[in-house]
Amino acid sequence: MPWSDPGGNGKQGGNPNPWGRRPGQQQPSWNLTKITSELRKFAGRFGGGRGGPQPFAQHLRWVPLWVLGGALVLWLASGVYTLDPQQEGVVLRFGAPVGVVKAGMHYHWPYPIESVAVVNLQEDRRLVLGYSGAGEQLGPGRMLTADGNVVELRYALRYRVENPEHYLFAAENPNQILAFALESAMREAVAQRSLDTLLKGDHSRLAEDVLQATRQRIGADHLGVKLESVQVLQTALPSDLDRVAKAVDKARAQAELERRDAESYAAALLPRAKTEAAAMISEAQAYRDSAVTRAKGDVARFLSLLDVYQKHPQVIAQQLYLQTMEDILAHAHKVIVGDKQGAIIQITPPTASAAAAPTQSGGVVASTTSHGASPEDGAASNSGGGS
């Protein structure tokens, strides 16, 4: 008996209708018999007429099975997936890894039974750290140098995933572990260098040291990554020290400019000074040679008179005296004092030709007045005037 037959709803005979009303249970708000009747009426419009065959109504009861079967096919088909050549996938069964698949087409049980975590092995990943500028605390970019100064750095780490299973499941946050290891290695390397080296030096050696130290720090963690390189993006003084640093740089530039000016002045002055020194040395050598030559001549002249002087010393002494006085008077200012009336006559020194004329005519010979003149000097002077 069909479930819609009221007779099958009792305790006797027929299968019990699950949708029937039982004692103590309210009538449902919907009626399957009414709904089926309405569907049959709707299907009868497309059938063979009233009282004829109704094919659509006969197939309508299979629609839920068709829908369920189609959904099942789509659900099963959702397990097909394809990986590109640069990708690898980790198959997860109820959230736990069960294997790694390479590039190509694969199948896994649809979600929620299995799923695939896809990782790009050729992707260049970049982790950038630097000082955030918040407050005065030491952040990942503000560090102490070997000479006790503070420097701000901005640096980056390039890496690629090498083992997708380790990268996804060895640590909860592999990027955070990489950041801690990179910062620690950078602080160690900066603490071994001075401020000037960090601000103006080459950063290639610093980056290489940091890369090697970071690799050593994460080696035991098995993060499944391959570190490619470390790059120092920027080095600078903290903002509160920037004004002082600029003043120091300005003073250094001024000192360098003055040093260059001094070198230029020295380069221009030294050749002239060397030339003048060479001229003075040459002049001094010439004077020395002349004095030596003149002294040697005087010595030779005195040596030639030595024999005569030993025979007639008075004559030679008188002759030498007269020659000496002649040399002196030739360049001296002469004054002649006359009789007791005190007349003073100044005479201009005559030339050699003019001095010869008075001597030939018997004139007066000019002489200098000397209160300490000896009689012998006067006699010598008179004898000289008479000659």
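Taken together, the values in this text are just the output of simple stated rules run on the coordinates, not laboratory data. Note that the structure is a prediction, hence the values are computed from the model and not measured. All Cβ positions, glycine included, derive from the backbone under ideal geometry; neighbour counts span all protein chains shown.
Applying the criterion of at least 2 residues that are closer than 30 Å to ALA96 by Cα to the helices (runs of 4 or more DSSP H) found wholly in region 132-223 leaves 164-169, 174-190, 204-218. Scanning region 165-211 for residues that are closer than 30 Å to ARG93 by Cβ and of a type in the set (Asp, Glu) turns up GLU165, GLU172.
Yes/no per residue for (1) closer than 19 Å to VAL151 by Cβ; (2) touching a helix residue (DSSP H, G or I) at 6+ places or on another chain (Cβ under 6 Å):
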residue: MET186; (1), (2): yes, yes
residue: VAL190; (1), (2): yes, no
residue: THR197; (1), (2): yes, no
residue: GLN212; (1), (2): no, no
residue: SER229; (1), (2): no, no
residue: VAL232; (1), (2): yes, yes
residue: LEU241; (1), (2): yes, no
residue: ALA245; (1), (2): yes, no
